[in-house]
1. Can you quote the Å³ per residue value for the convex hull of the Cα atoms in region 119-178, rounded to an integer?
2. Hey, what's the Cα Rg ratio for region 47-214 versus the globular rule of thumb, 2.2 N^0.38 Å?
């Protein structure tokens, strides 16, 4: 009788253990602090490892630096975006009266873009109308383009995006159009948030070699 009860207890314990580990595996996309699965905890200076409070340094050679000076700012926010099953991240920081926005996504390789509060424009600045954007969204053709400061920027993608401030809480949705320059070094991002006018962002692609994170 004792051995029988011991056997039953062992089976129950094993079943509970399996349920626990299965639950842990299913919830593995986030750690106990709520960080995403693409977060890196290493100190190798990778853009992926930055947290609020860390410093981001961008070399003066970057197109983002209009005055050819190194850009250094403290990360104020680490935001997350999602669209069609993909996610990317944004670091926000300030230098004087200029706010910088650095985004990165892990595709076939690490892609980093940067823009600032002084790189914002209106829809009229790209020579497009709301109807033009609706047509490009429907066409999804990389032959469509907009003009900005005498350069052609070709359609790359468009769709609904969900924004998570600091990577947490409920999402706020908006519509996004991305255009890329012929040489592939600059982008125009067009955002349309509900009840807000169109926002135009002139973005610059940054080499991972030109950006560094200082953990603090």
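Since every read-out is calculated from the coordinates, none of them should be taken as a lab result. Here the structure is a predicted model, which is why all the values come from computation and not from measurement.
1. Taking the convex hull of the Cα positions in region 119-178, it is 103 Å³ per residue.
2. 1.02
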